[in-house]
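Visitor: Sharing a structure, written as structure tokens. Questions coming.
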Amino acid sequence: MILLAFIPSTKVEQEKIPVYRVVIDPGHGGFFHKDKARHGDKYDSTSGKYLDYFAEGAGYKDIYEHELVYSIALKVMEKLSWCSEDGDFSRFKTLLARFSGKEPQRIYIETMISREHSLSSEQKESEPDPNAPYRLYDYPDPDGKIEPGRISRINAFKPHLVVSLHMAGTAPEDY
């Protein structure tokens, strides 16, 4: 009787696929209001006041930055989902081939979007604090408990990359 046994060398390792965390941050989302005391941003816990007005982003006629960058963010999230553990990496490779002549290394990408869709005008008026989910900085809830702003939520995810999407209402003529 012959018994064969394979004892792997310590040099043999399983192929490990790197995992990267990416945050897509579509800019803005809240709304500007003259009442900075209730609807501002950059809350200062020492003074108990907001230091700045909330910046709702650029707009032109009926076109708003916060809506456009959110739709772009959703498209980016879809493409990056192809790199998740259960994603369609071959589809991502096909997309990448349009921009690169090299075969991409297999990676996993975990994604996070920093905010949800913007509120409508009607929703903004009915919400007690419509800027809450869109604030960059930590802020107090109505009971005074400090809630994490977008920067804190992003940092908690421990991303390798943050892509912040913005647009401008004006640009230099040479653009």
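Visitor: Roll a 1.4 Å probe over the protein chains and send me the accessible area per residue for the chain in Å². Intermediate results must be reported in sequence, preceding the final value.
Guide: Working: 12500 Å² over 175 residues.
Averaged over the residues of the chain, the accessible area is 71 Å².
Visitor: For the range 99-172, calculate the relative contact order in percent as a whole number, restricting contacts to Cα pairs under 8 Å that are 6 or more residues apart. If you can, show how the numbers build up before the last one.
Guide: Working: 41 pairs, mean separation 15.3, N = 74.
Relative contact order here is 21 percent.
Visitor: How far is helix 65-81 tilted off the main Cα axis of the chain, in degrees rounded to 10, range 0 to 90?
Guide: Taking the Cα atoms of the chain, the angle to 65-81 is about 10 degrees.
Visitor: As an exercise, use a Förster radius of 30 Å and the Cβ-Cβ distance of Val163 and Asp143 to find the FRET efficiency, rounded to the nearest 0.05.
Guide: That pair, Val163 with Asp143, gives E of 0.35.
Visitor: While we're on this one: Put a dot 7 Å past each Cα toward the Cβ at Glu15 and Lys124; how far apart are the dots in nm?
Guide: Rounded to a tenth, the inter-label distance reads 5.1 nm.
Visitor: Please report the carbon-and-sulfur percent of the accessible area for the chain; probe 1.4 Å, protein heavy atoms only, DNA, RNA and ligands left out.
Guide: Numbers: 6820 of 12500 Å².
Within the chain, the accessible surface is 55 percent carbon and sulfur.
Visitor: For a quick check: with amide H placed at 1.01 Å from N, whose amide H comes under 5 Å from Arg21's, ignoring anything fewer than 5 positions away on the same chain?
Guide: Glu110, His160, Leu161
Visitor: Moving on. Hey, what did the chain get for relative contact order, percent, Cα under 8 Å, at least 6 apart?
Guide: 33
Visitor: Additional query: For P(r) over Cα pairs in 10 Å bins from 0, in percent, pick the label among [x] 8, 27, 27, 19, 10, 5, 3, 2, 0; [y] 9, 30, 25, 17, 11, 5, 1, 0; [z] 9, 33, 37, 18, 3, 0 that corresponds to the value derived from the coordinates.
Guide: Identified label for the calculated read-out: [x].
Visitor: Cut-off 15 Å, label point 7 angstrom out along Cα-to-Cβ of Ala156: give me the residues of the range 103-129 whose amide nitrogen falls inside.
Guide: Output list for this probe position: 112-116.
Visitor: What is the gain in length, in nm to one decimal, between His33 and Thr170 on full extension, counting 0.36 nm per residue of separation less the C-alpha to C-alpha distance?
Guide: Numbers: separation 137, 0.36 × 137 = 49.32 nm, distance 2.19 nm.
My answer for the length gained is 47.1 nm.
Visitor: Apply the Karplus parameterisation 6.51 cos²θ - 1.76 cosθ + 1.60, with θ equal to phi minus 60°, to every residue of the range 15-28 and state each ³J(HN,Hα) to the nearest whole Hz, in sequence, with x for glycine and proline.
Guide: Listing the rounded values in order: 5, 10, 8, x, 10, 10, 9, 10, 10, 9, 10, x, x, 6 Hz.
Visitor: Looking at Ala97, Gly48, Val23, which one has the Cα that reaches farthest to the positive end of the dipole of the chain (charges on Cβ: Lys, Arg +1; Asp, Glu -1)?
Guide: Ala97
Visitor: Once the piece of chain linking Asp62 and Lys79 is laid out straight, how much longer is it, given 0.36 nm per residue of separation minus the C-alpha distance between them? Before the final figure, lay out the partial values.
Guide: Numbers: separation 17, 0.36 × 17 = 6.12 nm, distance 2.78 nm.
Fully extending the segment from Asp62 to Lys79 adds 3.3 nm.
Visitor: Which one, Tyr108, Val162, Ile63, projects farthest toward the positive side of the charge dipole computed for the range 62-175 from Cβ point charges (K/R +1, D/E -1)?
Guide: Tyr108
The values are calculated or read from the model by the stated rules, or taken from the named source; none is laboratory data. Worth saying up front: this structure is predicted, and the values here are computed from it rather than measured. Because the Cβ atoms are built from the backbone with ideal geometry, glycine has one as well, and the counts that use them run over all protein chains shown. These accessible areas exclude ligands, DNA and RNA; they are computed on the full protein's heavy atoms, side chains included. Shrake-Rupley method; radii C 1.70, N 1.55, O 1.52, S 1.80 Å.
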